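Novice: Attaching a single structure in structure tokens format; questions to follow.
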Ligand SMILES: [Zn+2]
């Protein structure tokens, strides 16, 4: 991407945030989710979304941080899967529809013995909002990809290196959208549950010393480092 294109994109990202700036919350625990608030969210960020009953509150809260997805069709679907959450556009819509008119499906695993402890149903509220934010960050990337871009994404899914980079950057998008504290809760929770607290960090990647992160997802220290550099958290 050349410099002018990058600048224009950054301007629009900033412009979008400045209009819809969301309050940064360290935690959503104990925040009242009244009927009026619920109704107002379903009529705004909830447009063109299909939500499972169990997670409406978490998903609507996360959506408030993604104003660019307001008119994007997203279906959240529960299914048995060893991947706690994942997202993809429907095949038909990625071929035949323009980026904003595609339908995206976010699968939430309802059952998987191998990763039971980190399934959505077993997460604390903030981790649930954080991980939904991560999936919405993928959608936010997809809506800026034309057919060729989506073809590249499909090909990229065959490459470990590409997946490492895309997941890492998706975590960064989540933090830059204002859900840094929630992503942090998710990251810490998963590491404790999977006994992976000692995974190496990706600090060199953040500092520009390498173009390959050492791990696919940001570790808690890296999330904190990105938050420290982001004015939203000041
Ligand atoms: Zn992801």
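The numbers here are math on the coordinates, done by the rules we state, and not lab data. Note that the coordinates shown come from a computational prediction; the quantities given were computed from them, not determined experimentally. Heads up, the Cβs are rebuilt from the backbone with ideal geometry, glycines too, and the neighbour counts pull from every protein chain shown.
Novice: Between residue 32 and residue 79, with labels modelled 7 Å along Cα→Cβ, what's the label distance in nm to one decimal, could you check?
Specialist: 4.0
Novice: Starting at 0 and stepping by 5 Å, how many percent of the alpha carbon pairs of the stretch 77-126 end up in each bin?
Specialist: 5, 22, 21, 16, 12, 11, 9, 3
Novice: So, R0 is 30 Å and r is the distance between the beta-carbons of residue 95 and residue 53; what FRET efficiency does that work out to, to 0.05? Intermediate values should be presented prior to the final figure.
Specialist: Values: r = 32 Å, r/R0 = 1.05.
Approximately 0.45, to the nearest 0.05.
Novice: For the stretch 88-171, take N as its residue count and report Rg(C-alpha) divided by 2.2 N^0.38 Å. Don't jump to the answer; show the numbers that get you there.
Specialist: On the way: Rg = 14.3 Å, N = 84, 2.2 N^0.38 = 11.8 Å.
Rg over 2.2 N^0.38 Å, computed on Cα atoms: 1.21.
Novice: With equal scatterers on the alpha carbons only and no solvent term, can you work out the Debye log10 of I(q)/I(0) for the stretch 12-162 at 0.14, 0.19, 0.20 1/Å?
Specialist: -0.74, -1.30, -1.40
Novice: Take 173, 222, 44 and order them by how many other Cβ atoms sit within 10 Å, fewest up front. Spell out each step's value before the answer.
Specialist: Working: 173 18, 222 23, 44 13.
So the ranking, lowest neighbour count to highest, is 44, 173, 222.
Novice: For residue 232 and residue 160, what is the calculated FRET efficiency with R₀ set at 22 Å and r taken between the beta-carbons, to the nearest 0.05? List each step's numbers first, then the result.
Specialist: Numbers: r = 31 Å, r/R0 = 1.42.
The formula returns an efficiency of 0.10 here.
Novice: Also: Going by average Cβ neighbours within 10 Å, how do the peptides 22-31, 161-170 rank, with the highest at the top? Write down the numbers at each step before the final one.
Specialist: Values: 22-31: 12.5, 161-170: 16.5.
Packing order, densest peptide first, comes out as 161-170, 22-31.
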